[in-house]
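The values are calculated or read from the model by the stated rules, or taken from the named source; none is laboratory data. Please read these numbers as outputs of a predicted model, since none were measured by experiment. Positions of Cβ are generated from backbone atoms using ideal geometry, with glycine treated the same way; all protein chains shown enter the neighbour counts.
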Amino acid sequence: MPASALLLGASVATLKVASLNLCTDELLLALAAPEQIVSVTHLAHKPKETMLWRRARRYPQNDGSLLSVVGLKPDLVVTMGGGARDRARIARRLGIRVLDLPFPQRLADVERQVATVAQVLGRRATGRQWLAQLNALKRTEPGQKLDTIWLGGGGRSVQATGLAADWMRLAGFRQRRLNGDRVSLEQLLVRPPRILLRSDYRQGEYSGSQRWLMHPLANAAGRAHTIATDGRAWTCMGPAMVDEVLRLRRLVRR
């Protein structure tokens, strides 16, 4: 549904919005006026899941279902990726509009989502401020890109093209092309990257199959320089990534 159509029937000044997805939680928390948000998901309340958990705890939590927010009488529900047809049909019967955003695949998708949500909320100026920060990162993008492997739990990595790689380039990293989406300890030792960008997401809960990430050889990875990144930002790779990219740039310059 076009963003302009979502504004019909409710003044943006009094628009009440609920989020049913962690990634749309983060979009609302970054862009909405505090009084516009009526609920975010239970995941947004958890420090292990999002960098914005303190802000999120100001609002009631929901379980990600439409029924869990109906009692709050939102004018608009924002979610991401799936179940939109049935959810939208139910929402229409209840007089609630639904904005279902696709999962972003590239940085340009994130920019469009920020602009869309900011428009729907009547918060274009806030959206422009965030986009200006992103454009500043683009203008100051490091010319030299360091050979890097992004490493998460169980040896999980990311594609050399895509949203994660777009953010990495803004920080000065070039994600190495890998066969598949995982990397082994042997691969790191035989051909170590210049930078091993290690996600610390839920590192205290690694299973047995993930323990090799804590091995001294994995920490050193031969000649690789290991940099820890806040894995929470990489879950949605939305507005929270701006601050993480700036932090990574500072670490690389040391």
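A quick yes/no check of all residues on (1) within 30 Å of VAL158 (Cβ to Cβ); (2) in contact with an Asp or Glu (Cβ under 7 Å, 6 or more places away or on another chain); (3) polar (S, T, N, Q):
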site: LYS48; (1), (2), (3): yes, no, no
site: LEU72; (1), (2), (3): no, no, no
site: ALA115; (1), (2), (3): yes, no, no
site: GLN133; (1), (2), (3): yes, no, yes
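Number of residues in segment 142-154 that are buried (at least 20 other Cβ atoms within 10 Å of the Cβ) and over 12 Å from ILE195 (Cα atoms) equals 1.
Taking segment 158-190 as the search range and keeping residues that are surrounded by 15 or more Cβ atoms within 10 Å (Cβ to Cβ) and charged (D, E, K, R), which one is nearest to GLU111 (Cα to Cα)? Among those residues, the one meeting the criterion is ASP166. Applying the criterion of being surrounded by 16 or more Cβ atoms within 10 Å (Cβ to Cβ) and free of Cβ contacts under 8 Å to residues at least 40 places away in the same chain to the residues of segment 11-41, the residue that is nearest to PRO104 (Cα to Cα) is ASP25. Restricted to segment 149-168, and to residues there that are closer than 15 Å to ASN179 by Cα and not in a loop (DSSP other than H, G, I, E, B), the residue that is modelled with the lowest pLDDT is GLY155. Being in contact (Cβ under 8 Å) with a residue 60 or more places away in the chain and either surrounded by fewer than 21 Cβ atoms within 10 Å (Cβ to Cβ) or more than 30 Å from VAL69 (Cα to Cα) (or both) is a property that does not hold for LEU197.
Within segment 197-242, take every residue that is assigned to a loop (DSSP other than H, G, I, E, B) and over 18 Å from VAL183 (Cα atoms) and give me the one that is modelled with the lowest pLDDT. Only one residue fits best here, namely ARG202.
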